[in-house]
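*Asks:* Got a structure here, written out as structure tokens. Questions coming.
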Amino acid sequence: MCGIVGYTGTQSAAPMLLEGLRKLEYRGYDSAGIAVIQDGTISISKVTGRIAALAEKTEDGKLLPGVTGIGHTRWATHGAPTQPNAHPHASNDGRFAVVHNGIIENYLELREELIQKGFHFESETDTEVVVHLVEMYYQGNLKQAVMRTSARLRGSYALGIVCTDYPDTIFVAREASPLILGIGVGENFFASDVTALVAYTRNAIYLDDGEFAELTPASVTVFNCAGQTVSKKISRITWDVQAAEKGGYEHFMMKEIMEQPRAVKATIAPRIQGSDIVLDNMDLNLEGIHRIWITACGSAYYAGCAAKYAVEKLCQIPVQTELASELRYADALMDEQTLLIVLSQSGETADTIAALREAKKRGAKTLAIVNVVGSTIAKLSDYCLYTWAGPEIAVATTKGYTTQLALLYLFALYAARKRRTIDDGQYKTLLSSLKALPRQLQQALDMNPCIPQVAKKYCGAHSMFFIGRNTDYAVALEGALKMKEISYIHAESYAAGELKHGTIALICEGQPVIALCCNEALKEKTMSNIVEVKARGAEVLAVAHRNDPKIASLADDILFVPKATTLFSAVVEIIPLQLLAYYVAKENGCDIDKPKNLAKSVTVE
Ligand code: GLU
């Protein structure tokens, strides 16, 4: 998520920090700030909005003299994008400042503890606990304080910490968030990625999880979590800035596809505490809900379609899905016993906002699942759960979709337990299935090295059919949309059982049919449909579990996914289809990150 930078050397730090932050702008952010040490004090400047505003406010950094400093672009996860919530955050005694990327999962209990001890908080962020912990643990030795602080934190973090007692030193620490040290001559740097470093140095040290480091102008020392020095290799950065922005991938879409295991974990793990699911501050009375609507547009709508099965089955409440552009004019039956769930990556989707407003007028309770903190939908809805996917830059969503889906599964399980519609044994089994999803997503990414090759075979198609039943059908919807969006190949999704009722007339020699065969209870039925289309000359690409010899013998090509609980399986099944769409689009020379005629956030009707 977003960016951090730091500099210690002989030049003015502030202009270097601003320049570094500009290089990280592509990562997406909503506010920014810098802190510089000078004459025993830390000066902090922060703004909401653009780096340009920060540059203006600080007169290009001139107002913050000093040669050691840290900077931050924030993508809000906890607390709205306001100036008090922007980083750096300062300790109560003003001796420390901290920047942080990531999420501190146990911040509520730490905050409670720190308030008890007399610390006061100036922001709503999870981050602020870090700076107060450092102050609490500091007894003249910053390394010890950083070590003890890190030991208290659960979650993900890349931290930059400065202290007035150490005027030319920066401490950094890393756990599951990107952090790279840049090694200069008489000066040293850190940043979230190499884009912010390459203008100054191409020598870098990549910190591993659990490590922390001390930077001075003349030295860089890396420690393990026990405080022992570790010797690290200095790597040569060979990427140019453009490659570095995309994490070395050719497109943001591929980078975001690869981020999915981490994004899904970041979204669900903090909300699973022991054997409990803790959904932020939700006090929704689920006993009083008799009907659920799920609404959204595009892929978010398809996430709703896929999650419907889990929500309905686990909570034993009828669930209807409807496109927001339809629901807003549908004069739908909704009342106080209705829960409307709306999904939107940006939180600004115009049709979804309109549907939400309409439902509120009718007295329905509303729950939003969005990725952008403080967005219109987040503010309008009664309850809001954030997907902590981080900024999504590619227009075609990938991690936005899978995090929405995973969060809906989590909600379904939470609600089912509250409503006592599942027993403890079922709850436990399903919770461990949920926890397995990030690992299974990684497996799904790793297990199909053949996809670029398969894409070569299918990229010349004029149209494709995506078929499946039940949860597999929901995946077919999103798979077909992905293919259409980025490769411009006409793709239709069909409930496999519907083929006979008309569409099978379109199947002819060589027609690609992508068949989802992962739903345990129904895959035999889909296999019959495969036989039917094969008999009419279709070329069938199946998505299935490994060790399914029957499917392997029926299909022309096969992509594998790990076996997840059927109710939650859509989230892993979509992975090979995202990759297929990507490689087909690439074969066809399409503009993958910015498909024609599409916008990332659709703020008009
Ligand atoms: N969780 C922190 C916040 O909301 C940091 C977000 C970030 O990575 O920018 O302030």
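*Asks:* If we sort 514-521, 353-360, 569-576, 542-549 on the protection proxy, mean other Cβ atoms within 10 Å, highest first, what's the order?
*Replies:* Highest-to-lowest ranking by the protection proxy: 569-576, 514-521, 353-360, 542-549.
*Asks:* Rounded to the nearest percent, how much of the accessible area of the chain (1.4 Å probe, protein heavy atoms only) is carbon and sulfur?
*Replies:* Carbon-and-sulfur percentage of accessible area, whole number: 49.
*Asks:* Leaving ligands, DNA and RNA out of it, work out the accessible area of Glu109 with a 1.4 Å probe and give it in Å² to the nearest 10.
*Replies:* Estimated to the nearest 10 Å², Glu109 gives 110 Å².
*Asks:* Okay, next question. I'd like to know how segment 411-547 sits against the 2.2 N^0.38 Å rule of thumb: what's its Cα Rg over that expected value?
*Replies:* Scaled against compact globular proteins, the figure is 1.22.
*Asks:* Given a 1.4 Å probe and heavy atoms of the protein chains only, how would you sort Arg74, Arg291, largest accessible area at the top?
*Replies:* Correct descending sequence by accessible area is Arg291, Arg74.
*Asks:* Given axes a ≥ b ≥ c from the Cα gyration tensor, I'd like to know whether segment 91-178 is rounded (a/c under 1.5), prolate (a/b larger than b/c) or oblate.
*Replies:* Here segment 91-178 falls in the oblate category.
*Asks:* A further question on this structure: Can you list the residues, at least 5 places off or on another chain, whose amide H is less than 5 Å from the amide H of Gln320, using H built in the peptide plane?
*Replies:* When sequence neighbours closer than 5 places are left aside, the close amide H contacts are Ile292, Trp293, Ile294.
*Asks:* Moving on. At 1.4 Å probe size, with no ligands or nucleic acids counted, give the accessible surface of Phe121 in Å², nearest ten.
*Replies:* Probe radius 1.4 Å; accessible area of Phe121 about 40 Å².
*Asks:* What's the angle, to the nearest 10 degrees (0 to 90), between helix 424-446's Cα axis and the longest principal axis of the chain?
*Replies:* Between the helix axis and the principal axis of the chain, the angle is about 80 degrees.
*Asks:* Using modelled backbone amide H atoms (1.01 Å from N, in-plane), which distant-in-sequence or interchain residues come within less than 5 Å of Leu522's amide H?
*Replies:* Under 5 Å from the amide H of Leu522: no residue qualifies.
*Asks:* Compute the helix-to-body angle for 471-487: its Cα long axis versus the longest principal axis of the chain, expressed 0 to 90° and rounded to tens.
*Replies:* Between helix and principal axis, roughly 70 degrees.
*Asks:* Using only Cα positions of segment 288-425, each an equal point scatterer, no hydration layer, compute I(q)/I(0) via Debye at q = 0.19 Å⁻¹ and quote the log10 values to two decimals.
*Replies:* Computed log10 I(q)/I(0) values: -1.04.
*Asks:* Before I look further, what does the chain give for accessible area per residue, probe 1.4 Å, in whole square angstrom?
*Replies:* Per residue, the chain has 37 Å² of solvent-accessible surface.
*Asks:* Over segment 470-574, what relative contact order in percent results from Cα pairs under 8 Å that are six or more residues apart?
*Replies:* Result for segment 470-574 is 27 percent.
*Asks:* Distance between the C-alpha centers of segment 248-284 and segment 476-536? Whole Å please.
*Replies:* Cα centroid of segment 248-284 versus Cα centroid of segment 476-536: 30 Å apart.
*Asks:* Another one. Given Ala158, Tyr309, Ile486, which one lies farthest toward the positive end of the charge dipole of the chain, if we put +1 on the Cβ of every Lys and Arg and -1 on the Cβ of every Asp and Glu?
*Replies:* Positive-end residue among those listed: Tyr309.
*Asks:* Here's another thing I want to ask about it. Take every Cα pair under 8 Å in the chain that's 6+ residues apart, average their separations, divide by the length, and report that relative contact order as a whole percent.
*Replies:* 11 percent
*Asks:* What does the accessible area of Ser487 come to, in Å² to the nearest 10, when a probe of 1.4 Å is used?
*Replies:* 10 Å²
*Asks:* Work the Kirkwood hydrodynamic radius out for the chain: mean of 1/r over every pair of different alpha-carbon atoms, inverted, in Å.
*Replies:* Final number for the Kirkwood radius of the chain is 25.4 Å.
*Asks:* Here's another thing I want to ask about it. Compute the acute angle (0 to 90°) between the alpha-carbon long axis of helix 570-587 and the principal axis of greatest extent of the alpha-carbon atoms of the chain; round to the nearest 10°.
*Replies:* Roughly 90 degrees between the two axes.
*Asks:* Rank these residues by their accessible area, most exposed first, probe 1.4 Å: Lys523, Lys563.
*Replies:* Greatest to least solvent exposure: Lys563, Lys523.
*Asks:* Tell me, what is a quarter of the convex hull surface for the C-alpha atoms of segment 222-289, in nm² with one decimal?
*Replies:* Over every viewing direction, the Cα hull of segment 222-289 projects on average to 9.4 nm².
*Asks:* Which whole-Hz couplings ³J(HN,Hα) result when phi for each residue of segment 177-192 is put into the Karplus expression 6.51 cos²θ - 1.76 cosθ + 1.60, θ = phi - 60°, listed in order with x for Gly and Pro?
*Replies:* Once rounded to whole Hz, the list reads 10, x, 7, 10, 9, x, 9, x, 10, x, 7, 9, 9, 9, 6, 5.
*Asks:* Could I ask something else about it? Check the straight Cα-Cα distances from Lys360 and name the aspartates and glutamates below 13 Å, setting aside those fewer than 8 residues away within the same chain.
*Replies:* Asp331, Asp335, Glu336, Asp382
*Asks:* Which links in Lys456/Lys563; Lys23/Lys46; Lys534/Lys596 stretch past 23 Å when you go from one Cα to the other?
*Replies:* Violating the 23 Å limit, Cα to Cα: Lys456/Lys563; Lys534/Lys596.
*Asks:* Hey, which lysines would be in cross-link range of Lys361, C-alpha to C-alpha under 18 Å, not counting anything within fewer than 8 residues on its own chain?
*Replies:* Result set, ordered by chain and number: Lys379.
*Asks:* Follow-up question, since we're still on this one. Could you order Lys525, Lys246 so the one with the most accessible surface comes first? Probe is 1.4 Å.
*Replies:* The most accessible residue leads, giving Lys525, Lys246.
The values are calculated or read from the model by the stated rules, or taken from the named source; none is laboratory data. This structure is a prediction, so every number in the text was calculated from the model and none was measured. Neighbour counts run over all protein chains shown; Cβ positions are idealised from the backbone, glycine included. Ligands, DNA and RNA are excluded from the accessible area calculation, which covers all protein heavy atoms including side chains. Shrake-Rupley method; radii C 1.70, N 1.55, O 1.52, S 1.80 Å.
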